[in-house]
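Worksheet: the structure to be examined is printed underneath.
Taken together, the values in this text are just the output of simple stated rules run on the coordinates, not laboratory data. Everything numeric in this text was worked out from a predicted model, so none of it was measured. Reconstructed Cβ throughout: ideal geometry from the backbone, glycine too, with neighbour counts over all protein chains shown.
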């Protein structure tokens, strides 16, 4: 293979890159002249000469050339045919056509076919040749760079991990979409080209999408996550969109970067749902609960907390806890929240405020470093619970006293028997000789009998029934209960009026009725400090299923306002006399629990009536064993 004749030219210390030129010319002299001119040119050319189109095509297969000089008149194949073959083999390779005839038709055909330039072999065409070849090479280089740039752009555009839409700013028509955009909408890219941008959105998003487009045109760029696209299968796609307005030549386009945020929306919805459930649980807690920062400022508080603070929930947020809850200017003494922040451990205190008792627990909410970032404070109003505890203690004491009383009463029988025996002996030995002695012995006999009756009633009342339910003689039970308050009745000069109407037996808990009757009678006695009348009446309902017992007094009565709270726990008008408001509540609870009912009627200054309704005993009612008695005795055989 013939070596290239190369001439290296230097510009300072920098060597110019040579351009490789292939001359296809069937006249050797013309080809040689071209070579000489190019070697002498200021540009750095490396020239190779062949004399026919077939050799030129073969040479192009073996070597790389930057430009080709092609004579129009060649053997076997003219210049236009050779140009077509070269372009087919190496698209983009610049070809300069030369001819000895100034045929304008050939020139136009060559240029239309893609020739880089056209030269006629005139006297001065060789002077033009270096500049023409240099320009053709540079244009090819620029074209190649532009093509590479376009290829890189399209590669980046099409392979971008985000959906990209290019829209004409004047018509809102899609002019280009990438692969991700087509996949996002489930539609081939060529089918999207030409569609109106607003047609991609759901009906509800059309108007907001149009407003969004107007904002882009006004501000050159905009963002939104409030629009919803429609997939080819009609599935809705919530989208996050960033858009910018661009000037490309004489056209203005809008470039949209679109992300599917369906998962994000789903997660947000799930988060909001979880938050709503937590808030519902938080607000549904009937005790006080809040979250505090290190300065005791409320970050969160439930509805109960706001109710106790007598404010709306949003009004207590940001307030100091001790000011919102207790109206204090300083933190509580021995504040558990302070201790929890200091130690990172849960704490508990009991405080008293305005006559009420609160139990307060604090728990740490750890930050990423494990230290308490916030503190959860849980407060419980235990005033009623404390009252119940006191009442239980009191009940235990009364039960103990009752047990002691029954024991003492039992033990009193022996000395009473001795007294009665001695009295009988004295009466038998003295006879009726001394009337004064006889009178005194009669007084002893009367009081011994009275003491015996009191002991019998006390023992009977304090004795627990072994049955959960049994047939009860109401009249007998009422009389035995009256005997227990006989002393108070006598001291207050209260008259007892009975109106028993041949009352049938009832089927109920004996111990429950004892407690209820005693509570109501004691209330009636205390309502008449200056005396009055207590009336006991019994009756049977028209259908015979219920027996009614009415306790009426002529005491001070109950106001209309207090009457609706009479069965409320811890409601009392006798706090100055030690009352805690549980007697009537317990009576109401007992009667309702056992299947009966209790009503109250009253007028201030006229008195009060309690009406108790209990089921009448049927002929086939049999006593129901109370297994709790067996458990108390440790008898598990049943």
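What distance in nm separates the simple spin-label points at residue 90 and residue 418, each placed 7 Å from Cα in the Cβ direction?
It is 14.7 nm.
When the Kirkwood radius is taken over all Cα pairs of the stretch 468-627, what Stokes-Einstein diffusion coefficient follows at 20 °C and 1.002 mPa s, in µm²/s?
132
Quick one: if the Förster radius is 25 Å, what FRET efficiency do residue 371 and residue 275 give, using the C-beta to C-beta distance and rounding to 0.05?
0.50
Test of understanding: what is the full-extension gain from residue 211 to residue 109, defined as 0.36 nm times their sequence separation minus their Cα-Cα distance? Each step should come with its number before you reach the end.
On the way: separation 102, 0.36 × 102 = 36.72 nm, distance 5.30 nm.
Net length gain for the segment: 31.4 nm.
What is the extension gain from residue 135 to residue 286, computed as 0.36 nm multiplied by their sequence separation minus the C-alpha to C-alpha distance, in nm to one decimal?
Full-extension gain reported as 45.4 nm.
Please report, for the Cα atoms of the stretch 279-359, the Rg to one decimal and the Dmax as a whole number; what are they, in angstrom?
In Å, with Rg to one decimal and Dmax whole: 12.4, 33.
Subtracting the Cα-Cα distance from 0.36 nm times the residue separation, let me have the gained length for residue 62 to residue 435 in nm, one decimal.
Answer, rounded to one decimal: 117.5 nm.
Say R0 is 56 Å: what FRET efficiency, to the nearest 0.05, do residue 55 and residue 242 get from their beta-carbon distance?
0.45
Evaluate E = 1/(1 + (r/R0)^6) for residue 39 and residue 123, where r is the Cβ-Cβ distance and R0 equals 22 Å; express this FRET efficiency to the nearest 0.05.
Using R0 = 22 Å, I get an efficiency of 0.65.
Could you tell me how many cubic angstrom of Cα convex hull volume the stretch 252-310 has per residue?
Looking at the stretch 252-310, the number lands at 171 Å³ per residue.
Average projected area of the Cα convex hull of the stretch 30-100, in nm²?
Quarter of the Cα hull surface area: 4.7 nm².
PRE reach from residue 225 (point 7 Å along Cα→Cβ): which of the stretch 266-293 fall under 14 Å by backbone N?
Counting backbone N atoms under 14 Å from the label point, the list is 266-272.
Beyond 23 Å, what share of the Cα-Cα pairs of the stretch 147-281 is found? Please give it as a whole percent. Spell out each step's value before the answer.
Details: 3340 of 9045 pairs.
Tail fraction, whole percent: 37.
Give the order of 551, 567 when sorted by the count of other beta carbons within 10 angstrom, beginning with the fewest.
The fewest-first ordering by Cβ neighbours comes to 567, 551.
For residue 342, project a label point 7 Å along Cα to C-beta. Then give me every residue of the stretch 351-376 with its amide nitrogen under 19 Å of that point.
351, 360-365, 371-376
Any idea how far apart residue 297 and residue 262 come out in nm if each label point goes 7 Å out from Cα toward Cβ?
With each label placed 7 Å out from Cα toward Cβ, I get 4.3 nm.
So how do 300, 365, 34 line up by other beta-carbon neighbours within 10 Å, fewest first?
Ordered by Cβ neighbours within 10 Å, fewest first: 365, 300, 34.
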